[in-house]
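Quick notes on the structure that follows.
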Amino acid sequence: LVSRKWKVKPTLIDLGDGVSIEEGQLAIMAGPCSIESEKQVALTIEHLKAMGIKIMRGGVYKPRSSPYSFRGMGIDGLKMWYEQARAAGIKIITEVMQVSQIEEMYPYTDIYQVGARNTQNFNLLDELGRVDKAVMIKRGISGTIDELLYSAEYVFSGGNEKLILCERGIRTYETASRNTLDLNAIPILKEKTHLPVVADPSHGIGVRRFVEPMALAAVMAGADGIIYETHQKPEEAFSDGQQTLNFQESLQLVRKLKATFELK
Ligand code: PEP
Ligand code: MN
């Protein structure tokens, strides 16, 4: 069902209020790895608004390698974030880690993000197939392109066609970067599926100074959107600071993204 053979027309994700993710446009989603405080949310929203960005990312349920790391503010953090985002006309994309969270998150979420550790959580995908809100599925840490498409098939076949795919880097033998952003996946996915394809250069390479070139490369490779991490003080971020842009770097990236998209 997610194949271009089944449906030729590209799928458009309409988030309302004139915000969409679709082929032929460049959707930009930015924000911190983790939602940390009211102040941080306010500063981020101010930054996004100044750049005309309409979708904010941030985790309140964080999948951390170590259980002793910061695991997120949870539903109260999401409610606090939502209040500020709604007032500012900003949409929210945030990770859902388990079935029981779907319902409580629903009023405060515009796009449910399925993280790389949950790409093949088939029960979660089944449940998201029954929800009438957009879902973005990230490629599994060691997942193939076809496995990502099959994960999308779970949600789509369940009845939810508001789906976005995300290349966020895969684990390879390379140790010079956190992950290996698989740029190949972008044109391949674009050919195989009618769903929008976005790239996450932050997790894709995992090194702040390399996020910009990889984001621009992803645009040239045909990505319909870019999702990246930004924070007012990346050195103090509760998670993923090493790959998070400060607001100045973020502003420069957005300028270059727009110029690069024009070139295409
Ligand atoms: C994130 O977006 O912060 C995240 C945890 O991503 P991933 O699932 O790709 O590791
Ligand atoms: Mn992160």
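Residue pairs whose Cβ atoms lie under 9 Å apart, separated by 6 or more positions or on different chains, with the first residue in the range 229-244 and closer than 17 Å to residue 64 by Cβ and small (Gly, Ala, Ser) and the second assigned to a loop (DSSP other than H, G, I, E, B) and within 9 Å of ligand 2 (Cβ to nearest atom), are 237/32; 237/33; 237/244; 239/32; 239/33; 239/62; 241/33.
For residue 150, the criteria (1) in contact with a Gly (Cβ under 8 Å, 6 or more places away or on another chain); (2) without any contact (Cβ under 8 Å) to a residue 24 or more places away in the chain hold in every case but one, which is (1). Scanning the range 199-209 for residues that are within 15 Å of ligand 2 (Cβ to nearest atom) and either of a type outside the set (Asp, Glu) or farther than 22 Å from residue 54 by Cα (or both) yields 199, 201, 202, 203, 204, 205, 206, 207, 208. Can you confirm whether the range 81-103 contains a residue that is at pLDDT 95 or above, touching a Pro at 6+ places or on another chain (Cβ under 8 Å) and either among the acidic types (Asp, Glu) or surrounded by fewer than 15 Cβ atoms within 10 Å (Cβ to Cβ) (or both)? Yes, because at least one residue in the range 81-103 is at pLDDT 95 or above, touching a Pro at 6+ places or on another chain (Cβ under 8 Å) and either among the acidic types (Asp, Glu) or surrounded by fewer than 15 Cβ atoms within 10 Å (Cβ to Cβ) (or both).
Out of all the residues in the range 109-143, which are β-branched (Val, Ile, Thr), within 17 Å of residue 195 (Cβ to Cβ) and either in a loop (DSSP other than H, G, I, E, B) or touching a Gly at 6+ places or on another chain (Cβ under 8 Å) (or both)? Those that are β-branched (Val, Ile, Thr), within 17 Å of residue 195 (Cβ to Cβ) and either in a loop (DSSP other than H, G, I, E, B) or touching a Gly at 6+ places or on another chain (Cβ under 8 Å) (or both): 119, 131.
Please find, within the range 23-72, the residue that is nearest to residue 116 (Cα to Cα) out of those that are part of a strand (DSSP E or B) and of a type outside the set (Val, Ile, Thr). Among those that are part of a strand (DSSP E or B) and of a type outside the set (Val, Ile, Thr), it is 59. The condition (being touching a helix residue (DSSP H, G or I) at 6+ places or on another chain (Cβ under 8 Å) and either more than 20 Å from residue 54 (Cβ to Cβ) or away from ligand 1 (no atom under 16 Å from the Cβ) (or both)) is satisfied by just one residue among 229, 191, 212: 212.
The set of residues in the range 215-240 being over 14 Å from residue 30 (Cα atoms) and out of contact with any strand residue (DSSP E or B) (no Cβ under 8 Å at 6 or more places or on another chain) consists of 216, 217, 220, 233, 235, 236. Does the range 122-136 contain at least one residue that is within 24 Å of residue 74 (Cβ to Cβ), crowded, with 21+ Cβ neighbours inside 10 Å, in contact with an Asp or Glu (Cβ under 8 Å, 6 or more places away or on another chain) and of a type in the set (Lys, Arg)? Within the range 122-136 (the criterion being within 24 Å of residue 74 (Cβ to Cβ), crowded, with 21+ Cβ neighbours inside 10 Å, in contact with an Asp or Glu (Cβ under 8 Å, 6 or more places away or on another chain) and of a type in the set (Lys, Arg)), the answer is no, since none of the residues qualifies. Taking the criterion of being over 19 Å from residue 198 (Cβ atoms), without any contact (Cβ under 8 Å) to a residue 60 or more places away in the chain and assigned to a loop (DSSP other than H, G, I, E, B), the residues of the range 73-108 that qualify are 73, 97, 98.
The values are calculated or read from the model by the stated rules, or taken from the named source; none is laboratory data. All values reported here derive from a predicted model rather than from experimental measurement. Every residue, glycine among them, receives a Cβ derived from its backbone with ideal geometry; neighbour counts consider all protein chains shown.
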